[in-house]
Amino acid sequence: MYEYDDFDADFVRARVARFRAQVERRLEGALTEEEFRPLRLLNGLYLQLHGYMLRVAIPYGTLNGRQMRQLAMIAERWDKGYGHFTTRQNVQFNWPRLSDVPDMLEALAEVGMHAIQTSGNTIRNVTADHFAGAAADEIEDPRPHAELLRQWSTDHPEFQFLPRKFKIAITGSPHDRAVTRANDIGLRMVRGPGGESGFEVSVGGGLGRTPVAGRVIRPFLPAADLLPYVEAIVSTYNMLGRRDNKYKARIKITLLEHGPEALTARIEERFAQLRREFRGTDRQMLARIRRQFAPPPFEEKPLAPYEAARAADPVFRAWTDTNLTPHRRADHAIVTVSLKAPGATPGDATSAQMRLLADLAGKYGHDELRISHEQNIILPHVHRADLPALHAALRGAGLATANIGLASDIIACPGMDYCALATARSIPVARGIAARIGELKLEHEIGPLKIRISGCINACGHHHVGHIGILGLDRAGVENYQITLGGDGTETFAIGKRAGPGFAHDEIVPAVERLLRAYLQLRRDRRETFIETFRRLGGAPFRAALYPSKDKADAA
Amino acid sequence: MPLEAPLPPIRERVAELNRRYRHHSAAAVLEHALNDPLVGPVALVSSFGAESVVLLHLVSTIDRSLPVIFLDTEMLFPETLAYQRAVSERLGLGDVRVIRPDREALFARDPDALLYRSDPDACCALRKSEPLARALEGFDAWITGRKRFQGKARAALELFEDEGGRRIKINPLAHWSPRDVQDYIVNNRLPRHPLVGRGYPSIGCRVCTTPAGESEPPRAGRWRGSDKEECGIHFLGGRAVPGPAPKTVIVTDTGFASDDWTGPWLTPEALERAGRGAALDIGPETDLGQLAGHLEALAMIRVNFPAFSDGRGFTIARQLRRMGYRGRLRAGGHLIADQYAMARRSGFDEVEIAADLAERQPQEHWLARADWQQGDYQSRLREGF
């Protein structure tokens, strides 16, 4: 994985020093609050409900054991002993003091990490497929491109004061695990006519209050043109994006207002100018970065211990059935460690858990860890022979929950418990659903299901792309939860549709249960998943299950 | 339009309006001013003088029903009265209000109509300032045609002025040059005041106006032989009310300096007749396409940032350099010290800042980023590493 060179290391250190000076200048009055605000946001520092929140980037979701241990140390020393992994491959510390933040940033810089551009109206931390470089279905590891984009976007002089935030996601696999269509720019790797790799470029995706699927403006962009093309998009947006209304400032609205053809024409025109400015140095840099993403030295050893454990231990077998993903080497596996144990807050990890995972990555996983947008932690390269030992260690720490991709593997935003913008609680709803599913013991029967919960219309919990999406709103001071159905964040991207009137806080868990029971009734057989059944039958039978009395009334 | 809340104080609104519309064209300023929720009911005050037709025409293209106040001092040239009727009709102005001095006051204070000889200020007060004050009652703002080039007292004129906390004065043409005015009249085929052709570049009352020579300032013919410059309607408490003195500081890699540019700033509209070595002022809305072909001749371009959080100027700078502009490039407006490196990396040579910001963010805050060439990912990715 990518190691900072002197340039990167000097950059983050200088940046911390500058931020330290900015904090001092704010306190002295040289910077007004209005001036300081975007500067702190550009360094990942938010003002939240209880105080400051520091959002740290985990570029393309990749980190090593040393970095994970440093996160654990930071959480213990300056926060409350845990961190919250987010849906954009960041980790958030919810309780820092402003005066400590420069020290926290310095601790991050020591291990080649930062909080740069995790907030603010700028290009945010670039996200990528969390299985990159390991997945069996991958065309190419997208992370060298993501790292190139990180360098290009970092402190880009033109793009620190855009009309609004700007998100880029990249995947190297035809299976989209990076929700690329929900980003301002989505890059999906495809092969060109000559078999060379390139990107399908989509623009203007986003969730939030106006959910839109990104629109493909370039079916095939040669990989070598990535930086000039992305710069052309952002540069065009910087000039055209609205600055009079923050709710209409994202590029998805620019696209709607100017029309995709006109916007694409401007982008292509700018691209033609910019292409001349990138004369190959960027590609040399890419080659250099790529060398650092060379696969680890995989080990050859017998699979017998793995097969034996599977045969002997049903708990281990259940875990391998749900929490493993095929690795590009058949004798290895990608292990997803669930942060969604019953009663846990989705995405939260304690310092002890972080340290354990760092140790296990060192022992069994070539010192590599990933954070997924689904708020779990991944060991991407584990030899199958090591899985029994790994499982035992996880189990001892309460990290062996076998629910990846299942109903209790819920994405939930922090909600009203932490967030100043939230209009309803989301974590208690996630916990309630997970607990109910646990009681029913139906999770494995139900199979693959994505439940996503947001505590306000900004949709940080990705509810629009949940098979079952839940949106918490405030109706005259009372929490009210709306259900959307049929959303999908993958290559078969779809925005979920609202099912009908919302539910009170104490009604939402039973409502979800009715949906799950309806699915079990409606599916053709065990192989047909929830989303497949939904697509076959449409929303009507699910809505009937959600609103039974109304249905009876209609029938009468 | 009903307002949801009482408007904030004039001073704050004027500052905000100047910030908001600083880089807008006259037409845009007018159009916005007539629709901006920060501005209440508006009237245009016109003398129907030598250049008045420009503003009257601009208004007629936006809202013909806007109240137009014309002050008939009863000392005007008959040509002005005829011109007023002709122009009003031609432009279809629907609400021209001819305001005359108060009868009783006139009998009491100037029965012989000779006050102008003994006390021109008192005459102006009686025949212009007082009637205007009455006519403007109930208006939140008024539009004037004053321009910076018209004289010392108007040299620092802003688009929006605070009239003593009572009312907003809107000066959409503040930045226009004499040439801009003439071009506008020609291009729109507007009727000229008949006295202009007879040597009157500025026209007031017949008793106090004489022709001005070509080498004289345009208002030289007004109150000739006295040091009076203004009639009084643009005075406040007996004192001329210029805009705030535009003192700025120029920041470069070597620190602070005062502005060495003393020449005029052209608007893009004036580009066609710009000579070599001219300086151009542009804002984020400027269409860079219209600058093509002129870049070689320009000595300086100032790109104005309406707010420090509006990053369009950075892309404009890059684009100007990309178009081949090699002259001096200045970032104007509201950048802060923390943006100095961004400005330099985008292609700016210098940043112009207001004196109060220079005080709050002294030279060392800016010099801290004189190292902007260090740690620049862009140059590493474009030029080598």
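The values are calculated or read from the model by the stated rules, or taken from the named source; none is laboratory data. All figures in this text were calculated on a predicted structure; none of them were measured in a lab. No Cβ is skipped: glycine too gets one built from the backbone with ideal geometry, and neighbour counts run over all protein chains shown.
Miscellaneous remarks
- In the set A:Gly29, A:Gly51, A:Gly65, only one residue is over 25 Å from A:Ile123 (Cβ atoms), within 11 Å of another protein chain (Cβ to nearest Cβ) and either exposed (fewer than 15 other Cβ atoms within 10 Å of the Cβ) or in contact (Cβ under 8 Å) with a residue 24 or more places away in the chain (or both); that residue is A:Gly29.
- Applying the criterion of being in a helix (DSSP H, G or I) and more than 7 Å from chain A (Cβ to nearest Cβ) to the residues of the stretch B:363-385, the residue that is nearest to B:Arg20 (Cα to Cα) is B:Trp366.
- Any hit, the stretch A:315-334, residues being among the aliphatic types (A, V, I, L, M) and under 30 Å from A:Ala424 (Cβ atoms): no
- Counting only residues that are surrounded by 15 or more Cβ atoms within 10 Å (Cβ to Cβ) and either over 17 Å from A:Asp6 (Cβ atoms) or under 36 Å from the mean Cα position of the chain (by Cα) (or both), the stretch B:364-385 holds 9 of them.
- Test: residue in the stretch A:147-169 that is in the same structural domain as A:Gly195 (by TED's automatic domain parsing) and over 30 Å from B:Arg321 (Cα atoms): yes
- Residue selection: A:Tyr82 fails the criterion of being in contact with a helix residue (DSSP H, G or I) (Cβ under 8 Å, 6 or more places away or on another chain), within 14 Å of chain B (Cβ to nearest Cβ), touching a residue at least 24 places away in the same chain (Cβ under 8 Å) and of a type in the set (Ser, Thr, Tyr).
- Check on A:Gly186, crowded, with 24+ Cβ neighbours inside 10 Å, small (Gly, Ala, Ser) and away from every other protein chain (no Cβ under 14 Å): yes
- The numbered conditions (1) farther than 23 Å from A:Arg177 by Cα; (2) small (Gly, Ala, Ser); (3) out of contact with any Cys (no Cβ under 8 Å at 6 or more places or on another chain); (4) crowded, with 22+ Cβ neighbours inside 10 Å are all true for A:Ser408 except (1).
- All positions within the stretch A:61-110 that are among the β-branched types (Val, Ile, Thr) and either assigned by TED's automatic domain parsing to the domain that holds A:Cys460 or under 22 Å from the mean Cα position of the chain (by Cα) (or both): A:Thr62, A:Ile74, A:Thr86, A:Thr87, A:Val91
- Flag for A:Ile453 being under 22 Å from A:Leu207 (Cα atoms), buried (at least 19 other Cβ atoms within 10 Å of the Cβ), β-branched (Val, Ile, Thr) and within 17 Å of the chain's Cα centre (by Cα): yes
- Restricting the stretch A:9-20 to residues that are without any contact (Cβ under 8 Å) to a residue 12 or more places away in the chain and surrounded by fewer than 16 Cβ atoms within 10 Å (Cβ to Cβ), the residue that is farthest from A:Met113 (Cα to Cα): A:Ala17
- Within the stretch A:180-215, being among the charged types (D, E, K, R), in contact with a Phe, Trp or Tyr (Cβ under 8 Å, 6 or more places away or on another chain) and touching a residue at least 40 places away in the same chain (Cβ under 8 Å) holds for A:Arg181, A:Asp184, A:Arg188, A:Arg209.
- The stretch A:528-556, subset in a loop (DSSP other than H, G, I, E, B) and at pLDDT 95 or above, residue farthest from the chain's Cα centre (by Cα): A:Tyr547
- Which numbered condition B:Glu269 fails, given (1) in a helix (DSSP H, G or I); (2) at pLDDT 95 or above: (2)
For every residue, the table says whether it meets (1) farther than 30 Å from A:Pro174 by Cβ; (2) buried (at least 24 other Cβ atoms within 10 Å of the Cβ); (3) out of contact with any Asp or Glu (no Cβ under 7 Å at 6 or more places or on another chain).
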residue	(1), (2), (3)
A:Val91	no, yes, yes
A:Trp95	yes, no, no
A:Asp100	yes, no, yes
A:Leu105	yes, yes, yes
A:Glu110	yes, no, yes
A:Ala115	yes, yes, yes
A:Ser119	yes, no, yes
A:Val126	no, yes, yes
A:Asp129	no, yes, yes
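- Single residue of A:Val23, A:Val91 found to be touching a residue at least 40 places away in the same chain (Cβ under 8 Å) and within 19 Å of B:Ile336 (Cα to Cα): A:Val23
- Just so you know, in the stretch A:138-172 the residues that are over 19 Å from the mean Cα position of the chain (by Cα) and within 14 Å of A:Arg188 (Cβ to Cβ) include one that is farthest from the other protein chains (Cβ to nearest Cβ), and it is A:Ile139.
- Leading residue by the ranking (surrounded by the most Cβ atoms within 10 Å (Cβ to Cβ)) among those in the stretch A:250-296 that are outside any helix (DSSP H, G or I) and in contact (Cβ under 8 Å) with a residue 12 or more places away in the chain: A:Arg250
- Filter pass, A:Gly405 being on the phi > 0 side of the Ramachandran plot and in contact (Cβ under 8 Å) with a residue 12 or more places away in the chain: yes
- Within the stretch A:317-343, the set of residues being crowded, with 21+ Cβ neighbours inside 10 Å and either modelled with pLDDT under 95 or among the hydrophobic types (A, V, I, L, M, F, W, C) (or both) comprises A:Trp319, A:Ala333, A:Ile334, A:Val335, A:Val337, A:Leu339, A:Lys340.
- Residue check for A:Val234: more than 10 Å from chain B (Cβ to nearest Cβ), in a helix (DSSP H, G or I) and not polar (S, T, N, Q): no
- The set of residues in the stretch B:85-135 being surrounded by fewer than 14 Cβ atoms within 10 Å (Cβ to Cβ) and among the aromatic types (Phe, Trp, Tyr) consists of B:Phe107 alone.
- Tally, over the stretch A:303-342, of residues that are in a helix (DSSP H, G or I) and among the small types (Gly, Ala, Ser): 6
- Helices (runs of 4 or more DSSP H) fully within the stretch B:278-362 counting 2 or more residues that are farther than 18 Å from B:Ile250 by Cβ and at the interface with chain A (Cβ under 8 Å from one of its Cβ atoms): B:312-322
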